[in-house]
Amino acid sequence: LLHWEHLPVALHEENGVMIFSGSAVVDWNNTSGFCQPTGDDRSCLIAIYTGHTATRQTQNIAYSNNRGRTWTKYASNPVVDLGLKDFRDPKVFWHAPTSRWVMATVLADQHKVRFFASPDLKRWDTLSDFGPAGATGGVWECPDLFALPVDGNVADVRWVLDVDINPGGVAGGSGGQYFVGSFDGTRFVNENPPTMTLWADYGKDFYATISFSDIPPTDGRRIWMAWISNWQYANQEPTVIWRGAQSVPRELALRRLPEGIRLVQQPIAELRSLRTPASPIAITEPTPLPPSAEIDLEIERGAFRQAGIRLYNNAGEEVIVGVTASPLEVFIDRRSSRLAPTHREYPGRHAGPVQWRDGKVMLHVLFDRSVIEVFANDGETVVTDRVFPTQPLDRVAPLDRGRPRQARMWALETRP
């Protein structure tokens, strides 16, 4: 999940129906009847996506028997049509206790998640609605639903319902929120007050998260990725190569904290295999910053206003990453990251709450050219931002008046 090959477009829009967000599943037992068995393998891939026109959004399916290289659209599409303009983003998974497929969609402008069930991915029955709840300042999009053990205890399981919002995110524009509760195969019940909003990421650029299904039980992880940008300026990003990027895949877990059960995130362990050299470089003075790097910071409780590091270049552009003492927050400050003109919503300082753990805050910083992902206290708080300096940020140094107790860095070899 770290190196990718760019393949041709596999599923095209046709007849004026655009293809919007959705998901794909492995139909292991050919419940759909679309699979062409080869030996003991009865499976194929089924894509479930939103068909979009100017007046209506519907849910559709397509199937692939060559590992997703090409797809055939179901002749009887759409499979779900409510006659609504804002009804989209199907996330489908197999619910073993009820032996059926479950689909989570959004009634976007109503701030509701609607659940459906199907035995064969073609015929869908309505189950229930969840919402409005949490943040409702914009439309809801890109839902996801999955179970996680609390503190790794398989006897203590909660369900996480992830719902993104645009606008109305914690840092402005688009952002991601989640709910923790129970799911009985029909209905999701939030265990927190409906007015409580739990943010998946406190940065400006982490949206449209979708997790992977069918990770083997011997592995057992729940991993998701996000689109790294913000709808406030996604169409005006100052880059000529691409607009938008994917986050590094993150492993998800639930942790019981003093404030309640919360989602925590960590970069996947495979990222460590890219470290070169294996031994970290101590950051005690200005140090060359490679194009991609991991940086660990240990910040002790003390008499400082803010403590952390600055990533900078010779043009005078810089990004500050660190912790403030009052309020106690982890932050990315990119207000001076680009000297050239940019979108008015791009400059900013984005922060999330943290807690002292044994008198310390631990930060794990992932830097990859234009992406900064910061994980505080083993992922209890995460802040993600894109940065667009006019030339690469190629130096890193501790803050003069807020030096971390320890700062160390690994270069990452991100080219295969």
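Note on Thr72 and Asn153: with the Förster distance fixed at 51 Å, the Cβ-Cβ geometry gives a FRET efficiency of about 0.75.
Would you mind telling me the share, in percent, of accessible area of the chain contributed by carbon and sulfur at probe 1.4 angstrom? That fraction is 49 percent. Across all Cα pairs in the chain, the calculated P(r) in 20 Å bins from zero up to the longest distance comes to 25, 56, 19, 0 percent per bin. Packing order of peptides 113-119, 140-146, highest average first: 140-146, 113-119 (average count of other Cβ atoms within 10 Å over each peptide's residues). Would you mind classifying region 220-345 by shape? Square roots of the alpha carbon gyration tensor eigenvalues, ordered a ≥ b ≥ c; an a/c under 1.5 is rounded, otherwise it is prolate if a/b is larger than b/c and oblate if not. Since a/c stays below 1.5, the shape of region 220-345 is classed as rounded.
How would region 271-354 be classified by its alpha-carbon gyration tensor: rounded, prolate or oblate, with rounded meaning a/c under 1.5 and the a/b versus b/c comparison settling the rest? Oblate is the answer for region 271-354, as a/c is 1.5 or above yet b/c matches or exceeds a/b.
Net charge dipole, the chain: roughly 420 debye, given to the nearest 20, about the Cα centre with Cβ charges of +1 for Lys and Arg and -1 for Asp and Glu. The number of Lys pairs in the chain with C-alpha atoms less than 20 Å apart, excluding pairs fewer than 8 positions apart on the same chain, is 5.
Per-residue extension of 0.36 nm, minus the Cα-Cα distance of His12 and Arg369, leaves a gain of 125.4 nm for this segment. Kindly identify region 1-78 as rounded, prolate or oblate by the Cα gyration tensor criterion: order the square roots of the eigenvalues as a ≥ b ≥ c, call it rounded if a/c is under 1.5, otherwise compare a/b with b/c, prolate if a/b is larger, else oblate. Oblate. Considering only alpha-carbon pairs that sit under 8 angstrom and 6 or more positions apart, the relative contact order computed for region 269-390 is 24 percent.
The values are calculated or read from the model by the stated rules, or taken from the named source; none is laboratory data. Just so it is clear, the model here is predicted, and its values are computed rather than measured. Don't worry about glycine lacking a Cβ; one is built from the backbone with ideal geometry, like all the others, and counts go over all protein chains shown. Ligands, DNA and RNA are stripped out before the accessible areas are found, and what is left, the full protein with its side chains, is counted by its heavy atoms. Shrake-Rupley method; radii C 1.70, N 1.55, O 1.52, S 1.80 Å.
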